[in-house]
1. Under 26 Å from PHE186 (Cβ atoms) and under 17 Å from the mean Cα position of the chain (by Cα): which single residue out of LEU99, LEU112, LEU118 fits that description?
2. Regarding segment 252-269, can at least one residue be identified that is without any contact (Cβ under 8 Å) to a residue 12 or more places away in the chain and either basic (Lys, Arg) or more than 19 Å from GLU57 (Cβ to Cβ) (or both)?
3. Any chance you could count how many residues in segment 67-87 are within 15 Å of the ligand (Cβ to nearest atom) and surrounded by fewer than 24 Cβ atoms within 10 Å (Cβ to Cβ)?
4. Out of the residues in segment 15-43 that are hydroxyl-bearing (Ser, Thr, Tyr) and within 16 Å of the ligand (Cβ to nearest atom), state the one that is surrounded by the most Cβ atoms within 10 Å (Cβ to Cβ).
5. Take the conditions at pLDDT 95 or above, more than 30 Å from GLN47 (Cβ to Cβ) and in contact with a Gly (Cβ under 8 Å, 6 or more places away or on another chain) and apply them to LYS258. Does it pass?
6. Would you confirm whether any residue within segment 238-245 is buried (at least 21 other Cβ atoms within 10 Å of the Cβ) and touching a Gly at 6+ places or on another chain (Cβ under 7 Å)?
7. Six or more apart or on different chains, Cβ atoms under 6 Å: show the pairs whose first residue is in segment 173-184 and near the ligand (Cβ under 8 Å from one of its atoms) and whose second is assigned to a helix (DSSP H, G or I).
Amino acid sequence: MSSSKLFEPFDLGPNRLANRVVMAPLTRSRATPDGVPRQMHVDYYTQRASAGLIINEATNISVEGRGYAFTPGIYTDEQVEAWKKVTDGVHAAGGKIFLQFWHVGRISHPDLQENGQLPVAPSAVTPKGQAFTEEGMKDHVTPRALETDELPRVVADYVHAAENAKKAGFDGVEVHSANGYLLDQFLRDGANKRTDAYGGSVENRLRFPLEVIDAVVKVWGSDRVGVRISPVTSAGDLADSDPQPLFEAYVAELSKRKLAYLHVIEGQTGGPRDKDGFDYKRLRALYDGVYMANNGYDEALGEKRLEAGEIDLVCFGKPFISNPDLVERMEIGAPLAEWDQKTFYGGDEHGYTDYPKLSVEERARYAKAA
Ligand code: 8OZ
């Protein structure tokens, strides 16, 4: 048995987590075409409830926010009812679950929008790459720049989603401000060419993301709202000419808000960590609160940084796909099952809910050997 800090409880605002192992938000693209989670979502999340915290897959706040076919939403009553079954399942199994709010901005596609409209963005800048539509991959298009007087309507969509997430019984919410999606597009100057109060200076580029976060905090209270950032990720063909001061200013603002946590993807999302010249230590020092670390962490690295007091919570992504009992396996030093990349996105229960937990016999055997 490991006496690791990873397996100690943690008070995340009003939510007591059983351990510091967080299941990262993982897009799996198995909802109905209308964005409704199915019974297999209930099974999948309930199987993984021994994580200290589950952050559910990125969930669209509106039709406009959709960027990938078969991703779930939180803007209709039917979606709320379906999520309620997920949160009930996780709670009955002793877990905690946050919902992640998603608006993809410019990387959506007319095929995913109401009446085939253009995706919206801070500015009409076309990203390289392709969107995942119901008919397969299609090239990104030039988005429509949001008018200044439309921005309160987008904030209202977040508020509507926040109220729905409450009705659905989540323990808290995470605002997705990473990976090249709408809020990240406002932050970074590769996509934000605005000349109004929401573009130009760093202060102006922070304005819209902070308005969204403040509106969500009004619904949930600051201690149940986390924010996710990825300072250098190039996903969605997005970049900033000078990310260090931009993200330091952002994190200083977030720090003032006494949020549940700051969730940082260190390095390229899903790729190399700490090889991009960005100084995450300085970022960490500017944030007075709970720091959730993400990107390529294994048990040893997570434990080392927890022990050093550098981080508070550790996210694991792919290992949770193939190990529903990841926490128990790490705790007794049991081997981890391999994941199958072919079943990450789309499809059915196969590669989703059919990864087994260790049997009682296996657990006893590994625990004894440890
Ligand atoms: C992988 C595939 C589709 C979406 C992200 C929500 O990068 C995602 C995502 C990841 O944050």
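The values are calculated or read from the model by the stated rules, or taken from the named source; none is laboratory data. These numbers were taken from a predicted model, which means no experiment stands behind them. Here Cβ is always computed from backbone atoms with ideal geometry, including for glycine, and neighbour counts include all displayed protein chains.
1. Details: LEU112 fails: under 17 Å from the mean Cα position of the chain (by Cα); LEU118 fails: under 17 Å from the mean Cα position of the chain (by Cα).
When all the criteria are applied, what remains is LEU99.
2. Pass one, segment 252-269, residues without any contact (Cβ under 8 Å) to a residue 12 or more places away in the chain: 256.
Checking the rest, the ones that are also either basic (Lys, Arg) or more than 19 Å from GLU57 (Cβ to Cβ) (or both) come to 256.
Within segment 252-269, one or more residues are without any contact (Cβ under 8 Å) to a residue 12 or more places away in the chain and either basic (Lys, Arg) or more than 19 Å from GLU57 (Cβ to Cβ) (or both).
3. Step one: of segment 67-87, the residues within 15 Å of the ligand (Cβ to nearest atom) are 67-74.
With the extra rule that they be surrounded by fewer than 24 Cβ atoms within 10 Å (Cβ to Cβ), the set shrinks to 68-71.
Number satisfying all stated conditions: 4.
4. Taking segment 15-43 as the starting set, the residues that turn out to be hydroxyl-bearing (Ser, Thr, Tyr) are 27, 29, 32.
Imposing the further condition that a residue be within 16 Å of the ligand (Cβ to nearest atom) reduces the set to 27, 29.
Details: THR27: 18, SER29: 15.
In this case the residue turns out to be THR27.
5. Working: at pLDDT 95 or above: yes; more than 30 Å from GLN47 (Cβ to Cβ): yes; in contact with a Gly (Cβ under 8 Å, 6 or more places away or on another chain): yes.
Yes.
6. Within segment 238-245 (the criterion being buried (at least 21 other Cβ atoms within 10 Å of the Cβ) and touching a Gly at 6+ places or on another chain (Cβ under 7 Å)), the answer is yes, since at least one residue qualifies.
7. If the second residue must be assigned to a helix (DSSP H, G or I), the pairs left are ALA178/ASP184; ASN179/ALA235; GLY180/ALA235; GLY180/GLY236; TYR181/GLY105.
Residues are listed down the side, and each one gets a yes or a no for (1) without any contact (Cβ under 8 Å) to a residue 60 or more places away in the chain; (2) within 16 Å of the ligand (Cβ to nearest atom); (3) closer than 19 Å to PHE186 by Cα; (4) among the acidic types (Asp, Glu):
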position	(1), (2), (3), (4)
ALA215	no, no, yes, no
GLY226	no, yes, yes, no
VAL232	yes, yes, yes, no
SER241	yes, no, yes, no
